[in-house]
1. Do the conditions hold for T277, that is, is it assigned to a loop (DSSP other than H, G, I, E, B), touching a residue at least 60 places away in the same chain (Cβ under 8 Å) and among the polar types (S, T, N, Q)?
2. So, of the residues in region 12-61 that are free of Cβ contacts under 8 Å to residues at least 24 places away in the same chain and surrounded by 17 or more Cβ atoms within 10 Å (Cβ to Cβ), which turns out to be nearest to F109 (Cα to Cα)?
3. Mind checking whether some residue in region 78-86 is outside the structural domain of E227 (by TED's automatic domain parsing) and of a type in the set (V, I, T)?
4. Consider only pairs whose beta carbons are under 9 Å apart and that are at least six residues apart or on different chains; among these, list those whose first residue lies in region 131-158 and is on the phi > 0 side of the Ramachandran plot and whose second residue is assigned to a helix (DSSP H, G or I).
5. Of the residues in region 162-217, how many are hydrophobic (A, V, I, L, M, F, W, C) and either surrounded by fewer than 18 Cβ atoms within 10 Å (Cβ to Cβ) or modelled with pLDDT under 95 (or both)?
6. Could you tell me whether T176 is farther than 25 Å from N112 by Cβ and assigned by TED's automatic domain parsing to the domain that holds K129?
7. Return the residues of region 1-59 that are hydrophobic (A, V, I, L, M, F, W, C), assigned to a helix (DSSP H, G or I) and under 28 Å from S206 (Cα atoms); say none if nothing qualifies.
8. Of the conditions (1) among the aliphatic types (A, V, I, L, M); (2) touching a residue at least 60 places away in the same chain (Cβ under 8 Å); (3) closer than 16 Å to M208 by Cβ, V231 fails just one. Which one is it?
Amino acid sequence: MYNVFIDGKEGTTGLQIFDRLGMRKDVNVISLSEEKRKDVSARKEAINAADIVFLCLPDGAAKEAVGLVESDQVRVIDASTAHRTASGWAYGFPELSAEHRSAIARSRFIANPGCYASGFIALVRPLGKRGIVSAAYPFVCHAVSGYSGAGKKGIAQYEAEVRDAALETPRLYGLTLSHKHLPEMVAQCALSHKPIFNPYICDYYSGMSVSVPLYEGLLEKKLTVKELRDVYREQYADAYFVHVGEETDGYIAANPFNGTNHMEILVHGNEEQVLLTAVFDNLGKGASGAAVQNMNIALGLDEKTGLA
């Protein structure tokens, strides 16, 4: 029996992790009463009594929580942005390479990837590793997400009985082009500069589509759509949760993998331009599902345990 503590269980990601662990018989979730959940000494005791600690907190609070770890037996999985490019932290996307998987398995500190970043990195990193694009390629990324990714206040706005009519339309944000996921996108893809990233929050609960367009003429190696699709088939050949789909019927929905930890890679286009797309649940492979997968790997369990 593994002891697990979710610090920040009341947030969307924390609640999703709790739900995913709820049916498991190999996990005991350590709980704190409402009056003690923000008590530092109570949290410190819970953290050091756990085998796995999930941090579902704002960045500053996540850093403070790491400072409470005293036991060498504690493994920390941080769902915040705080440690995704930090030295000494494994980046929790095992499908990216054998080295990523090995680091997750042995590290005491694991940074869970950002939701948008997961899609972008899944698409772009294999191209750089194979010399298909240069580090200086002028990447642009467009993405849509359900409003569950907006946090408690955002969810409350969307689900209010009376709300602003603007919420009925897709809303572009990150207008300063400095979204919090950009540092990990640059680091994991070894880019020489930030991509232009255009995220939209939309009027549906969950599901995410991340798209990256390419100019064939700017690639270091000229590849057809089929050949690019084969690149991803090779990259994710041994992956259970990341797979490559065929051409669609003309539309790509953002929600076909809701409630699961799966991600699908799609490649479309023509001889001049290519469109790469990753589709997954922003609450699944984009957050809580990935966190539980990382826990399973860290504990030496089948990575699929407790995941759809």
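1. Numbers: assigned to a loop (DSSP other than H, G, I, E, B): no; touching a residue at least 60 places away in the same chain (Cβ under 8 Å): yes; among the polar types (S, T, N, Q): yes.
No: the conditions fail for T277.
2. So, considering only residues that are free of Cβ contacts under 8 Å to residues at least 24 places away in the same chain and surrounded by 17 or more Cβ atoms within 10 Å (Cβ to Cβ), the one nearest to F109 (Cα to Cα) is F18.
3. Let us first name the residues in region 78-86 that are outside the structural domain of E227 (by TED's automatic domain parsing), namely 78-86.
From the residues that got through so far, the ones that are of a type in the set (V, I, T) too are 81, 85.
Within region 78-86 (the criterion being outside the structural domain of E227 (by TED's automatic domain parsing) and of a type in the set (V, I, T)), the answer is yes, since at least one residue qualifies.
4. Close Cβ pairs satisfying both conditions: G151/T12.
5. Within region 162-217, the first condition is being hydrophobic (A, V, I, L, M, F, W, C), and the residues that meet it are 162, 165-167, 172, 175, 177, 182, 185-187, 189-191, 196-197, 201-202, 208, 210, 212, 214.
Now narrow it down to the ones that are either surrounded by fewer than 18 Cβ atoms within 10 Å (Cβ to Cβ) or modelled with pLDDT under 95 (or both): 162, 165-167, 172, 175, 177, 187, 190, 196.
Result for region 162-217: 10.
6. On the way: farther than 25 Å from N112 by Cβ: no; assigned by TED's automatic domain parsing to the domain that holds K129: yes.
No: the conditions fail for T176.
7. To start, the set of residues in region 1-59 that are hydrophobic (A, V, I, L, M, F, W, C) comprises 1, 4-6, 15, 17-18, 21, 23, 27, 29-30, 32, 40, 42, 46-47, 49-50, 52-57.
Pick out the ones that are also assigned to a helix (DSSP H, G or I) and you get 15, 17-18, 21, 40, 42, 46-47.
L15, I17, F18, L21 - these are the residues of region 1-59 that are hydrophobic (A, V, I, L, M, F, W, C), assigned to a helix (DSSP H, G or I) and under 28 Å from S206 (Cα atoms).
8. Status for V231: all satisfied but (3).
The values are calculated or read from the model by the stated rules, or taken from the named source; none is laboratory data. What you see is a predicted model; the values in this text were computed from it and never measured. Glycine gets a Cβ as well: all are built from the backbone with ideal geometry, and neighbour counts include every protein chain shown.
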